[in-house]
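The values are calculated or read from the model by the stated rules, or taken from the named source; none is laboratory data. Predicted, not measured: the structure shown is a model, and the values here were computed from it. Here the Cβ is made from the backbone with ideal geometry for all residues, glycine too, and neighbour counts use every protein chain on show.
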Amino acid sequence: MDRNQGRRLSAEEKLRVVVEGRQSGATISEVCRRHQVDHAQFYRWERLARQGSLEALRNGARKAKNGKREEWLMSEVNRMRAVVAELIAENLTLKRGVLV
């Protein structure tokens, strides 16, 4: 296949090319030639993969932190509901006493 044909690779294929380029004993040039990918494109994919990995790691930590926050907020909501229910019951009791 000619390099200029604009062959499109899926994200998974791009990642496999990047991993192969970094983990195999082959040079980047050999991997690029084998997959008919330009060197600049390889390095662009590598940079994007690294950025995506960092972002995923950051988001994973954020999700865990948000999970604890959500848990705390839900416990606060439940506590407030209990307080409101208690106040409503107390209010009804007082109203009954005044109306009787």
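Of all residues in the range 1-22, those that are on the phi < 0 side of the Ramachandran plot and surrounded by 13 or more Cβ atoms within 10 Å (Cβ to Cβ) have Cβ atoms under 8 Å from Cβ atoms of residues that are outside any helix (DSSP H, G or I) and modelled with pLDDT of 90 or more, 6 or more apart or on another chain, in Leu9/Val37; Val17/Val37. You will find that of Val37, Val19, the residue that is part of a helix (DSSP H, G or I) and at pLDDT 90 or above is Val19 and no other.
Taking the conditions (1) at positive phi; (2) in contact with a helix residue (DSSP H, G or I) (Cβ under 9 Å, 6 or more places away or on another chain); (3) modelled with pLDDT under 90 in turn, Leu48 satisfies each one other than (1). Scanning the range 37-53 for residues that are among the aliphatic types (A, V, I, L, M) and surrounded by 10 or more Cβ atoms within 10 Å (Cβ to Cβ) yields Val37, Leu48, Ala49.
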